[in-house]
1. Output yes when any residue across the range 59-67 is open to solvent by 60 Å² or more (accessible area, probe 1.4 Å) and polar (S, T, N, Q), and no when none is.
2. Tell me, yes or no, whether the range 168-184 has at least one residue that is at pLDDT 90 or above and either over 24 Å from Val21 (Cβ atoms) or open to solvent by 10 Å² or more (accessible area, probe 1.4 Å) (or both).
3. For residues that are over 20 Å from Arg175 (Cα atoms), in contact (Cβ under 8 Å) with a residue 40 or more places away in the chain and open to solvent by 50 Å² or more (accessible area, probe 1.4 Å), tally how many sit in the range 114-138.
4. Checking the structure you have, find out if any residue of the range 214-229 is open to solvent by less than 70 Å² (accessible area, probe 1.4 Å), over 30 Å from Thr117 (Cα atoms) and within 13 Å of the chain's Cα centre (by Cα).
5. Pick from Val111, Val141: which is β-branched (Val, Ile, Thr), open to solvent by less than 60 Å² (accessible area, probe 1.4 Å), assigned to a helix (DSSP H, G or I) and more than 26 Å from Leu26 (Cα to Cα)?
6. Mind counting the residues in the range 76-98 that are open to solvent by 50 Å² or more (accessible area, probe 1.4 Å), under 20 Å from Thr182 (Cβ atoms) and not charged (D, E, K, R)?
7. State all residues of the range 23-38 that are farther than 16 Å from Val64 by Cβ and crowded, with 19+ Cβ neighbours inside 10 Å; if no residue qualifies, say none.
Amino acid sequence: MTELLVRTDDLTKRYGERIAVDHIGLQVRRGEVYGFLGPNGAGKTTTLRMLLGLVRASAGTARVLGAAPGNPAALARIGMLVESPAFYPYLSGRDNLRVFARYAKVPGSKVDEALETVDLTERAKDRASSYSLGMKQRLGVAAALLKDPELLILDEPTNGLDPAGMADMRMLIRRLGTGGHTVLLSSHLLGEVQQVCDRVGVISQGVLVRQGTVRELRGHGSLRVVAEPLDEANAVTARMFGAERVSVHESALHVSVDEDAAPSVNRELVLAGIAVRSIGWHERSLEEIFFEMTAPEEVAK
């Protein structure tokens, strides 16, 4: 079995009568980029704070790197960026990291390594106050990397970034994942999670509604057929594959078969006198799946 760096069982957090996190069972495996996906106010940051020992759980258990949350020995092996990073504005990026390195008791040589990893070497001498928001976020990741952590926890690292900054951060996270780090990434951005994560946990109103790989969450694809008349096309494909494999959605047939069945479907429809306007392979996006899971219960923060 793949080693679990993070495991929670029935982890719960209550604030008075309000349940912020409701009996979740999270599993993060060594070497993966795990996307913790949910709308704002779903309980993502509260969960991360419990994993780091910053917030005490109301019920349930959690193990992080084999220890209880907040264990000093485990925290020494964790890099974290929770909410917005804070720096000394009149110190350079490099000097800020030197301060953090001394506090974390890591060699000063790690500072330049971290700056290079996040592509800030050329701006390392500039004051942090002159950095763009995207650069500050990358400097925050650099600070989290100083300890060469086994587990890197990033809470909404692309918040507030422009498209270029978001693309830079996505590439950085993907590099970290392929470079042997284990990354736990919380986000409400579907495209971000779909592009960089190996597995995903979807949380809504404090409940972990689904967990698995992006492919598992999206499920199998289907043939999307646009034809006229649609009801006759429905009848033909139902006779071919069974009615349970055919559905109508947004004025098109969706047939749950392999992609290589397209020629035979097209042939049978044409022989039946049905006009086929288009036929192609369709895979549901993570966005479609996400809204199916969360839309009925989602509330604003």
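The values are calculated or read from the model by the stated rules, or taken from the named source; none is laboratory data. Source: prediction; values computed, not measured. Note that each Cβ is placed from the backbone with ideal geometry, even for glycine, and that neighbours are counted across all protein chains shown. These accessible areas exclude ligands, DNA and RNA; they are computed on the full protein's heavy atoms, side chains included. Shrake-Rupley method; radii C 1.70, N 1.55, O 1.52, S 1.80 Å.
1. Yes - at least one qualifying residue is present in the range 59-67.
2. No, there is no match, as no residue in the range 168-184 is at pLDDT 90 or above and either over 24 Å from Val21 (Cβ atoms) or open to solvent by 10 Å² or more (accessible area, probe 1.4 Å) (or both).
3. Within the range 114-138, residues that are over 20 Å from Arg175 (Cα atoms), in contact (Cβ under 8 Å) with a residue 40 or more places away in the chain and open to solvent by 50 Å² or more (accessible area, probe 1.4 Å) number 1.
4. Checked against the condition, which is being open to solvent by less than 70 Å² (accessible area, probe 1.4 Å), over 30 Å from Thr117 (Cα atoms) and within 13 Å of the chain's Cα centre (by Cα), the range 214-229 yields at least one hit.
5. Checking each option against the conditions leaves just Val111.
6. 2
7. Val33, Gly35, Leu37, Gly38
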